[in-house]
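Presented below is the structure to which this report refers.
The values are calculated or read from the model by the stated rules, or taken from the named source; none is laboratory data. This structure is a prediction, so every number in the text was calculated from the model and none was measured. Backbone-built Cβ (ideal geometry, glycine too); neighbour counts: all protein chains shown.
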Amino acid sequence: MATVAYIVNTYPRGSHSFIWREIAALERRGLRVHRFAARRAEESASDPAIKAEAARTEYLLDRGPAALAAALARAAGGAPLRLAHRRAVAGESSLGQQLAYVAQACILRDRCAALGVRHLHAHFGTNPARVAAYCRMLGGPPFSLTVHGPEEFDRPQALDLAGKAEAAAFTVGVSQFGRSQLMRWVAPGHWDRLKVVHCGLDLADFPAPPPLPAGPPTLVAVGRFSEQKGFGLLMRAMQRLRATRPDLRLVLVGDGELRPAIEAEAIRADVGDSLRLTGWQDQAGVRRAMAQAHALVVPSFAEGLPVVIMEAMAMGRPVLSTWVAGIPELVIPGDCGWLVPPGDVDALAGAMQTVAETPLERLAAMGQAARARVVARHDVDRSAAILARLMKV
């Protein structure tokens, strides 16, 4: 039984369900998967899935400053330290952070050797990929990385995406769009090692979709309240719809640093009881909210390919989203959803009105098409088979 390892920075968070699903799918294939992370996530400690995954994870920073300093001393004068200085000068992070990554990589190399790890995989092209690359330079196992976006694509040169990808055995984009963005920065001689592997769902978790609810037309939005998600624009769209669709309801599931701004925008837009903010919800809570809605709305300004879209489609809910990143590869307008230009409040409001006016029978048919599409493209066991083959384990 081959052993592989995963490295993530802060893990597990509620938004990391796609990672532990992927790991579980690899384990179903007979692989041993050891989880490494730099630090523990503070959020959602009450979520059973997060608690269980945290218990399976080894945290590099738990070893304390003395162990990290001793590990760094073992790398003194080596190529990783020279690269750390170059990456600090280039602005990837401070020199102190780069040295911390080298220290983590030293510990990671030793642990991989002790565990017999044959391949190391990093999720995200940021800190985890840098630690994995340093680990390889120190004699650790071959590594690969999955780049999600949009954060990596905001700073591709500062993050040295090309350098990380060229040092890796292979690099994964979660959509063809993501792969194309990597191709912008990676030399053509390395393009064959840029792969598309979709994030997947464990379809056993998504049995027959719940029926569409009775009552007023209801949209649900799910995600972190951050600048890329565009939730503030939903308030303005709701304001435009007050006269024509006063019965339309919007449920926002999530939390984050922009919650005060979104609440202020809701007050300014005078959306009243048309809006409900639930706060953060565990996976069961998210699925309850989706079951009580007629469609998912994703007004994002920037994305990778949101797993929440896959989950809504698996639950038989059509999706209204923006035409950004990998989303148009999954959501087909007129078939399983609607797409609008990002940042266009009039287009967003118009599409929301269209959803509200679509008969239940048509919404249900679109939901069935959505489920069929996500089943065909985002089965986690199929994605895990591709990864295992790429890892050569």
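Evaluate the following for residue 166: is it under 23 Å from the mean Cα position of the chain (by Cα), surrounded by fewer than 16 Cβ atoms within 10 Å (Cβ to Cβ) and of a type in the set (Asp, Glu)? Outline the logic, then answer.
Working: under 23 Å from the mean Cα position of the chain (by Cα): yes; surrounded by fewer than 16 Cβ atoms within 10 Å (Cβ to Cβ): no; of a type in the set (Asp, Glu): yes.
No.
Enumerate the pairs (first residue in segment 129-147 and within 20 Å of residue 73 (Cβ to Cβ); second residue anywhere and among the polar types (S, T, N, Q) and assigned to a helix (DSSP H, G or I)) with beta-carbon separation below 6 Å, excluding pairs fewer than 6 apart on the same chain, so at least 6 apart or on different chains. Partner pairs satisfying both residue conditions: 131/104.
Going residue by residue through segment 79-98, is there one that turns out to be touching a Phe, Trp or Tyr at 6+ places or on another chain (Cβ under 8 Å) and farther than 27 Å from residue 155 by Cα? The answer is no; no qualifying residue exists. Kindly establish whether residue 221 is surrounded by 15 or more Cβ atoms within 10 Å (Cβ to Cβ), closer than 19 Å to residue 354 by Cα, in contact (Cβ under 8 Å) with a residue 60 or more places away in the chain and small (Gly, Ala, Ser). Yes: the conditions hold for residue 221.
Just give me the residues in segment 329-386 being among the basic types (Lys, Arg) and under 26 Å from the mean Cα position of the chain (by Cα), in sequence order. It would help to see each step written out before you state the result.
Residues of segment 329-386 among the basic types (Lys, Arg): 362, 371, 373, 377, 382.
Within segment 329-386, 371, 373, 377, 382 meet the criteria.
Within the set 183, 238, the sole residue that is aliphatic (A, V, I, L, M), touching a helix residue (DSSP H, G or I) at 6+ places or on another chain (Cβ under 9 Å), free of Cβ contacts under 8 Å to residues at least 24 places away in the same chain and more than 30 Å from residue 42 (Cα to Cα) turns out to be 183.
Within segment 232-260, count every residue that is assigned to a helix (DSSP H, G or I) and under 15 Å from residue 348 (Cα atoms). Even if it seems obvious, please write down each step before you answer.
Let us first name the residues in segment 232-260 that are assigned to a helix (DSSP H, G or I), namely 232-241, 259-260.
Applying the additional criterion that residues be under 15 Å from residue 348 (Cα atoms) yields 232-241.
Of the residues in segment 232-260, 10 are assigned to a helix (DSSP H, G or I) and under 15 Å from residue 348 (Cα atoms).
Residue pairs whose Cβ atoms lie under 9 Å apart, separated by 6 or more positions or on different chains, with the first residue in segment 72-92 and farther than 15 Å from residue 163 by Cα and the second of a type in the set (Val, Ile, Thr) and modelled with pLDDT of 95 or more, are 72/102; 75/102; 78/102; 81/102.
Against the definition (touching a residue at least 40 places away in the same chain (Cβ under 8 Å) and aliphatic (A, V, I, L, M)), how does residue 250 come out, yes or no? Quick ask: steps written out before the conclusion?
Values: touching a residue at least 40 places away in the same chain (Cβ under 8 Å): yes; aliphatic (A, V, I, L, M): yes.
Yes.
So which residues in segment 102-122 are of a type outside the set (Val, Ile, Thr) and either in a strand (DSSP E or B) or surrounded by fewer than 23 Cβ atoms within 10 Å (Cβ to Cβ) (or both), if there are any at all? Full working, then the answer.
Filtering segment 102-122 for residues of a type outside the set (Val, Ile, Thr) gives 103-106, 108-116, 118-122.
Passing the criteria: 110, 111, 113, 114, 115, 116, 118, 119, 120, 121, 122.
Scan segment 365-378 for residues that are in contact with a helix residue (DSSP H, G or I) (Cβ under 7 Å, 6 or more places away or on another chain) and either surrounded by fewer than 18 Cβ atoms within 10 Å (Cβ to Cβ) or in a loop (DSSP other than H, G, I, E, B) (or both) and jot them down. Spell out the reasoning first.
Filtering segment 365-378 down to residues in contact with a helix residue (DSSP H, G or I) (Cβ under 7 Å, 6 or more places away or on another chain) leaves 370-371, 373-375, 378.
Result: 375, 378.
In segment 148-163, the qualifying residues are those that are assigned to a loop (DSSP other than H, G, I, E, B) and crowded, with 20+ Cβ neighbours inside 10 Å, and the one that is farthest from the chain's Cα centre (by Cα) is 160.
For residue 374, state whether it is closer than 27 Å to residue 20 by Cα and touching a residue at least 24 places away in the same chain (Cβ under 8 Å). Yes; evaluated as a whole, the condition is true for this residue.
Starting from residues that are among the polar types (S, T, N, Q) and not in a helix (DSSP H, G or I), keep the ones in segment 86-101 and report whichever is surrounded by the fewest Cβ atoms within 10 Å (Cβ to Cβ).
Start the filter on segment 86-101 by keeping residues that are among the polar types (S, T, N, Q), which leaves 93-94, 97-98.
When the remaining residues are screened for being not in a helix (DSSP H, G or I), the result is 93-94.
Numbers: 93: 19, 94: 11.
Within segment 86-101, the match that is surrounded by the fewest Cβ atoms within 10 Å (Cβ to Cβ) is 94.
Only a single item in (1) part of a helix (DSSP H, G or I); (2) surrounded by fewer than 24 Cβ atoms within 10 Å (Cβ to Cβ); (3) not charged (D, E, K, R) is not met by residue 139, and it is number (1).
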